[in-house]
Amino acid sequence: MKIALVTLGCKLNYAETSTYERGFIAAGLEPVGWRDGADAFLVNTCTVTETANRKCRSEIRKLHRLNPSAPIFVTGCYAELRSEEVAAIEGVARVFRASEKAVVVPETLEFLRVKPDAATSPAFSPDFVGDPTSKQGVTDVLGGFRRRASNDIFGAYSSGERTRSFLKVQDGCDNFCRYCTVPYARGRSRNIPICEAVRMAREIAAAGIREIVLTGVNTGDFGRNTGESFLDLLKALNEVEGIDRYRISSIEPNLLTEEIVDWIASGTKFQPHFHIPLQVGCDELLASMGRKYTTADFAAKIAYVRSSMETPSGAPLTGGERLPVFFGIDVMVGLPGETPELFERTYRFLEELRPAFIHVFPYSKRPGTPAAVMPGQVPPEVKAERVARLEELCARLHSEFETRCKGMRATVLWESREKDGTMGGYTDNYIRITRPYDPDRVNTLEKVII
Ligand code: SF4
C-alpha cells in the first residue's frame, strides 16, 4: 500500500511527519510523492496565518480531486484549532488533534486495515519494551505509538536529508504573546527528557547524519515538565558520538542565558549561529504584545554573544580568528499600533544591531488572540511596503555580513544535492558555500577560506 505524506509549516511539522513516515515504513507501507498514485494521504497542517489555513484547505481538496477514493488523514496545528472545519472537507477520513500525535500511525493503519506483521515490524509486537510507565509519557519513535497521552510530548526527528536532521526536543508554549495562536494549537510548554533526546541523537548519528538542528516551539523553555535544564540538554547532546555540529533553531532572547553562551563559547559542537525572535524593535509594541524583554535587553544579549564568541572586528587575520556569529532575527511588521514612527524605530534598531539575516513576517490577525481586536490595525498595503523595506535592509545586512567574513577560515559540511554540476554546504556561521560537485565530498566536513 502506498501513502503520500504532505507537510505544511515549520521544522517541527517536518520532524513529526518524518517520524510518522518511519512508522509507516516499519509497518510495510510505501511512502510516495503526492502525484504518484497514493492509496492514502496524510497532511500535517499549519495555522500560523490565515493564508496558511487557506493553503491547507486547498491542499486537501487537491488531493481529494487527485484520488477521490483515497482516505485523507489530517493532523497539525490547523487540525487542532479548526477540527470540525477540517473534518467537513470532502475526503477527510480522520482528524488527529494535537494530543493524538502518538496514535496517528497505529490508527491510520487500523483504518487502512493494515496489520503490521510483528515478525517483520518488531516495533509493533505487543511485547515491545519501551517504558510505558515513563512519567513524561514520551512516545518512542517507533515503539510507543500505541501509548496515548494527553498532555505528553511526541518525540520526533527528521530523516529525509543525508547531512542534517531536525530534532524536536520541546513543544508548546506558556507565553501567550498577544498576536500568537501557537499556545492554543500546540498546548503548554513541555519537553522530552534528556535521555530520550540523547537516544534519538544516537539514532540520527547511526543513520550517518552529522548535523542536528534542535527544534521546538519555545526551545529554550526546555525542562518545564522534567525539571531538567536546557544547558544540561546541550551538554548531554554535545557528548553524542557521530554528531559533529548542532544548531539551535530558535530561542527566545531571555532564555539564551549568559551561562549558556559562556558554555557554547568554551568550545563545543554548537555553532556560532542563533535564530532569535525580536518581533518588533520598539519598547511600546514589545510591551503591548506581551514580549518579555526590551530593545535594550535584546541589544545587550546580542552584544554579549558577540563579545564572548567573536574575534573583535578589525583584528588581523591570523588563521585562528573566531568567526562573526550569524544572527537570524524574526521581525513582524504591521502589528496593531505600529505607527510610521514606531516602524522607523524598528528599522533603525535593526540597522544598529546588524544581524546577518532578518526573517520578515507581515502580521496576520489570528481569531481569538487579544491583538486581533486591538485598535490601530495596519492596512495591508502599508504592511506590504514595510515588508519590502525590511527585506531590502536584510539583503544589505546579509551582504555586509558575508563581506565581514571574507578571507576567514571556516568549516563546511557538504550536502548531497547536486545542482547545475555544483554542490553546497553551510559554514559554522551559516554562510552558504558552493563548489563543483564531487560525490566523495558528500556529507564530509572541510576547512575552507570564505
Ligand atoms: S513565545 Fe513564540 S510561540 Fe510562544 S506565544 Fe510567543 S510568539 Fe507564540
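The values are calculated or read from the model by the stated rules, or taken from the named source; none is laboratory data. Predicted model, so just to flag it, every value in this text is computed and none were measured. A quick note on method: Cβ atoms are made from the backbone with ideal geometry, for glycine too, and the neighbour counts reach across all protein chains shown. The area values use the complete protein model at the heavy-atom level, side chains included, leaving out ligands, DNA and RNA. Shrake-Rupley method; radii C 1.70, N 1.55, O 1.52, S 1.80 Å.
For Leu323, the requirement of being in contact (Cβ under 8 Å) with a residue 24 or more places away in the chain and either open to solvent by 60 Å² or more (accessible area, probe 1.4 Å) or over 22 Å from Thr49 (Cβ atoms) (or both) is met.
Taking the range 416-434 only, how many residues are more than 17 Å from Phe357 (Cα to Cα) and open to solvent by 60 Å² or more (accessible area, probe 1.4 Å)? Don't jump to the end; show me each part of the working.
As a first pass, look at the range 416-434 and keep what is more than 17 Å from Phe357 (Cα to Cα): 416-425, 434.
Right, trim to open to solvent by 60 Å² or more (accessible area, probe 1.4 Å) and you get 417-420, 434.
Number of matching residues: 5.
Taking residues in the range 256-277 that are touching a residue at least 60 places away in the same chain (Cβ under 8 Å), and partners anywhere that are part of a helix (DSSP H, G or I) and crowded, with 18+ Cβ neighbours inside 10 Å, the pairs with Cβ atoms closer than 6 Å and at least 6 places apart or on different chains are Pro272/Met309.
Name the residues in the range 166-189 that are among the hydroxyl-bearing types (Ser, Thr, Tyr), touching a Lys or Arg at 6+ places or on another chain (Cβ under 7 Å) and under 20 Å from Asp152 (Cβ atoms), would you? Write out each step before concluding.
Let us first name the residues in the range 166-189 that are among the hydroxyl-bearing types (Ser, Thr, Tyr), namely 179, 181, 184, 189.
Retained after the next criterion (residues that are touching a Lys or Arg at 6+ places or on another chain (Cβ under 7 Å)): 179, 181, 189.
Correct list: Ser189 only.
May I ask you to say which residue of Pro336, Pro312 is in a loop (DSSP other than H, G, I, E, B), at pLDDT 95 or above and not aliphatic (A, V, I, L, M)?
Details: Pro312 fails: at pLDDT 95 or above.
Exactly one residue qualifies, and that residue is Pro336.
So which helices (runs of 4 or more DSSP H) are wholly in the range 168-287 and hold at least 1 residues that are surrounded by fewer than 20 Cβ atoms within 10 Å (Cβ to Cβ) and within 12 Å of the ligand (Cβ to nearest atom)?
Numbers: elements: 182-186, 194-206, 230-238, 258-265.
It comes to 182-186.
Which one is farthest from the ligand (Cβ to nearest atom) among residues in the range 154-163 that are modelled with pLDDT under 95 and within 17 Å of the chain's Cα centre (by Cα)? Of everything passing the filter in the range 154-163, Thr163 is farthest from the ligand (Cβ to nearest atom). The residue that is least open to solvent (accessible area, probe 1.4 Å), among those in the range 22-58 that are in a helix (DSSP H, G or I) and without any contact (Cβ under 8 Å) to a residue 40 or more places away in the chain, is Asn53. Meeting the requirement of 2 or more residues that are out of contact with any strand residue (DSSP E or B) (no Cβ under 9 Å at 6 or more places or on another chain) and modelled with pLDDT of 95 or more, no strands (runs of 3 or more DSSP E) wholly within the range 378-450 can be named.
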